[in-house]
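The values are calculated or read from the model by the stated rules, or taken from the named source; none is laboratory data. Just so it is clear, the structure is predicted and the values come from calculations on it, not from any experiment. Quick reminder, even Gly has a Cβ in these numbers, built from the backbone with ideal geometry, and neighbours come from all protein chains shown.
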Amino acid sequence: MMALITEKKGCVMSNRDLEYYQKMIEGDKQSLEAIYDKYEKLLYSFVIKLSSDHSLAEEVLQEVFIKLWTQKAKYDNTKGKFSSWIVTITRYTAIDIIRSKKESVSLEEETDVPEEQSESVEDLVEWKEKSSTIRKALDQLSDEQRKIVDLFYFKGCSQSVIAKECDLPLGTVKGRLRLALKHLRKNLATVKGGIRDA
Amino acid sequence: MRECEKVLDYFNDELSEGEKEQFERHLESCEDCREEIEELRSLTDDLPFSSEPVDPPEGMKDRVLGAVFAEEETEEKSQEEENVVPLEQHLEQDSSREVDRPTRSNRQAWLMRGLAAALVASLVGNVFALTGGEETVSEPPAVESTDQVNQRVSLEGESTPARASAAMIRQNGSQLLTLQAEQLEPLQGDEVYQVWLLNGDEPYRAGTFVANQNGEGAVAFSMDQLPSELDWDAVAISKEPNAQSQTPQGEVILSSSL
Ligand SMILES: [Zn+2]
């Protein structure tokens, strides 16, 4: 029952997104603003998770919404949800900008971990629904598995960097990563199932 | 490395242009790789939602959307805007600093975008005026703008290499304060740079901004929010613990009399 409701909500949400997106393509600024309002906090928080850098996060968001507005990045609704698409664009934009900074600025400083909000007031239903289950599922991975997921997905590292950081032969990285991600998927199903049973 | 071993680096956009093309040709004929990429995509789909919520800084929406909507307008109106705020010098400096970054050519335009954005924002009726939270009064969209620089000053400080310049711009009967700064120190946590206008000893908030990784920041502030009968004696920038300071809590780093 709960799965059904969730799916229905997700469906309604992405239709609204698509509506906004199509109006935005026609040049409607209010629709871009609506997309911005809906995703600002998720994307900002996501980039901070990727980079731990507040000023960079703002720069990335600017670049993402420029790509949206100028249609340098185009959304195709037959290929998946708008939310998945916009977080993917954000991830690549962040990786790209982080990489270019690292190349040109050698004295890259580790910035401190941002202050996190204690209460969870996300506007995005999808975020609210998924965040705790995903965090729980991640917590259930072994340290090594969490590390490989973090290096690959959140840090965007190359295979050889992952091999070095995790002390693994190059040829085994892909297998280990897939195993970790499948483990995560299984954990997610268990966590979700647990909630439904409760 | 065999082509099939490049899946992860392709997914993370780590391949060179040549390698990428080669791999994409390989993808056409290798179903395993196509499936692996699709699998990686679906297995990582939910991971962004694990991010802990962090509040964006005050005024970010105005700055970002201002810059976004400026993208197309800068192309159309670049002549006009360059007349208002000559940024060529900054752009030249920036591009010389970033010559070894050809793929990111648009990064150099950051400052330009910030300021142009602010100007365009005010052209389209203050909808996205960079005000830092206070209510703004919307004006009807101006068809013809009659921008005019009334005053331009350089801000200096004793204990910092940072520099800034500010300009008062009269536009369709209202005033805009624009300010751009460079060589700023990085901020920590919630810290922001706050612009103040001083009437005698009395400070008035006149825009908030953060510095980018290159130590550059820019802001435009609609003066319509301030009492119009006041004369402004000085403009100053301080580093504040957060964007809420109603009077300077932190040290004033740059200032100039007006
Ligand atoms: Zn293959």
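Identify, please: which residue in segment B:13-35 is at pLDDT 95 or above and under 29 Å from residue A:127 (Cα atoms) and is, among those, nearest to the other protein chains (Cβ to nearest Cβ)?
B:35
Which residue out of B:257, B:222 is more than 25 Å from residue A:60 (Cβ to Cβ) and surrounded by fewer than 20 Cβ atoms within 10 Å (Cβ to Cβ)?
That would be B:257, the only listed residue that is more than 25 Å from residue A:60 (Cβ to Cβ) and surrounded by fewer than 20 Cβ atoms within 10 Å (Cβ to Cβ).
What is the one condition in (1) more than 7 Å from chain A (Cβ to nearest Cβ); (2) in contact (Cβ under 8 Å) with a residue 12 or more places away in the chain that residue B:38 does not satisfy?
For residue B:38, the exception is condition (2).
Quick grid of which residues meet (1) at pLDDT 95 or above; (2) surrounded by fewer than 19 Cβ atoms within 10 Å (Cβ to Cβ); (3) in a helix (DSSP H, G or I):
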{"site": "A:152", "(1), (2), (3)": "yes, no, yes"}
{"site": "A:161", "(1), (2), (3)": "yes, yes, yes"}
{"site": "A:168", "(1), (2), (3)": "yes, yes, no"}
{"site": "A:173", "(1), (2), (3)": "yes, no, yes"}
{"site": "A:193", "(1), (2), (3)": "no, yes, yes"}
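In segment A:131-150, how many are of a type in the set (A, V, I, L, M) and either more than 10 Å from chain B (Cβ to nearest Cβ) or exposed (fewer than 15 other Cβ atoms within 10 Å of the Cβ) (or both)?
Residues that pass the stated criteria total 2.
Among the residues that make up segment A:58-81, is at least one of them under 15 Å from the mean Cα position of the chain (by Cα), surrounded by fewer than 22 Cβ atoms within 10 Å (Cβ to Cβ) and assigned by TED's automatic domain parsing to the domain that holds residue A:28?
yes
Looking at residue B:6, is it within 16 Å of the ligand (Cβ to nearest atom) and surrounded by fewer than 18 Cβ atoms within 10 Å (Cβ to Cβ)?
no
Please enumerate the residues belonging to segment A:47-87 that are of a type in the set (Val, Ile, Thr) and at the interface with another protein chain (Cβ under 8 Å from one of its Cβ atoms).
If the condition is that a residue be of a type in the set (Val, Ile, Thr) and at the interface with another protein chain (Cβ under 8 Å from one of its Cβ atoms), then A:48, A:66, A:70, A:87 are the ones that fit.
What pairs come up if the first residue lies in segment A:164-193 and is closer than 15 Å to residue A:130 by Cβ, the second is among the basic types (Lys, Arg), and their beta carbons are under 6 Å apart, counting only those six or more places apart or on different chains?
A:191/A:136
Could you check segment B:11-48 and list, in sequence order, the residues that are surrounded by 13 or more Cβ atoms within 10 Å (Cβ to Cβ), part of a helix (DSSP H, G or I) and more than 10 Å from the ligand (Cβ to nearest atom)?
B:11, B:19, B:20, B:22, B:39, B:40, B:41, B:42, B:43, B:44, B:47, B:48
Residue A:90 is checked against (1) part of a loop (DSSP other than H, G, I, E, B); (2) surrounded by 24 or more Cβ atoms within 10 Å (Cβ to Cβ); (3) hydroxyl-bearing (Ser, Thr, Tyr) and fails just one. What number does that condition carry?
(1)
Under the condition of being touching a strand residue (DSSP E or B) at 6+ places or on another chain (Cβ under 8 Å) and over 17 Å from residue B:256 (Cβ atoms), which residue from segment B:177-208 is farthest from the other protein chains (Cβ to nearest Cβ)?
If we take residues in segment B:177-208 being touching a strand residue (DSSP E or B) at 6+ places or on another chain (Cβ under 8 Å) and over 17 Å from residue B:256 (Cβ atoms), then B:205 is farthest from the other protein chains (Cβ to nearest Cβ).
Could you grab me the full set of residues in segment B:207-216 that are under 16 Å from residue B:242 (Cα atoms) and within 12 Å of the chain's Cα centre (by Cα)?
B:208, B:209, B:210, B:211
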